[in-house]
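> After the structure tokens below, expect a handful of questions from me.
The values are calculated or read from the model by the stated rules, or taken from the named source; none is laboratory data. What you see is a predicted model; the values in this text were computed from it and never measured. Cβ placement follows ideal geometry from the backbone for every residue including glycine, while neighbour counts extend to all protein chains displayed. Calculation scope for accessible area: heavy atoms of the full protein, side chains included, ligands and nucleic acids excluded. Shrake-Rupley method; radii C 1.70, N 1.55, O 1.52, S 1.80 Å.
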Amino acid sequence: MTGPVVETQSLSKRFGEPETLPALVVYARDGGLTAADREAIGRQLDAVQRELGSTLAGAPVGPVISDDGNAAEVIVPFAGTDENEITPYVPKLRALLSGENGMTVHVTGPAGVQADLKDALGAIDLMLLLVT
């Protein structure tokens, strides 16, 4: 297998970057994030670092505020690429994050999607077992 993805992975290994399964956190508020929202995001990221730090490849990256100020993005880099080891931490991440006073927060990205798929497929497996 060749191509840009394989080349990128090869170059990443040369620079010694750890393998990660990142979660992408998106905060949003119609009309723009407020100063209080930005403070809440900071507190939540501190809690993520404190509570999940041993499972991370580094500190959360961000927040990066959108050009219109309505959203902020944060990358939470879980250490490793084993989905079975990492996905149990996604619900813990979601529990540490909360929208306050109209601000919303969503967790997606590779780690979030894998956790959601695992939950969905687990429900399907249970249904198949019951029906069978």
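> Among the residues of region 75-93, count how many are surrounded by 20 or more Cβ atoms within 10 Å (Cβ to Cβ) and assigned to a loop (DSSP other than H, G, I, E, B).
Residues in region 75-93 being surrounded by 20 or more Cβ atoms within 10 Å (Cβ to Cβ) and assigned to a loop (DSSP other than H, G, I, E, B): 1 in total.
> Quick one: what pairs do we get from region 60-89, first residue in contact (Cβ under 8 Å) with a residue 12 or more places away in the chain, second open to solvent by 50 Å² or more (accessible area, probe 1.4 Å) and assigned to a loop (DSSP other than H, G, I, E, B), C-beta under 6 Å, 6+ apart or different chains?
Thr81/Glu19
> Among Ala72, Ala23, Ala47, Ala36, which is in contact with a helix residue (DSSP H, G or I) (Cβ under 9 Å, 6 or more places away or on another chain) and either aromatic (Phe, Trp, Tyr) or not in a strand (DSSP E or B) (or both)? Can you show your working first?
Numbers: Ala72 fails: either aromatic (Phe, Trp, Tyr) or not in a strand (DSSP E or B) (or both); Ala23 fails: either aromatic (Phe, Trp, Tyr) or not in a strand (DSSP E or B) (or both); Ala36 fails: in contact with a helix residue (DSSP H, G or I) (Cβ under 9 Å, 6 or more places away or on another chain).
Within the list Ala72, Ala23, Ala47, Ala36, the selection yields Ala47.
> Of the residues Ser12, Ser66, only one is of a type in the set (Gly, Ala, Ser), at pLDDT 95 or above and open to solvent by 30 Å² or more (accessible area, probe 1.4 Å); which?
Details: Ser12 fails: at pLDDT 95 or above.
Matching residue, one of Ser12, Ser66: Ser66.
> A follow-up question, please. Name the single residue that is farthest from Glu19 (Cα to Cα) among those in region 103-132 being modelled with pLDDT of 90 or more and open to solvent by 50 Å² or more (accessible area, probe 1.4 Å).
In this case the residue turns out to be Thr104.
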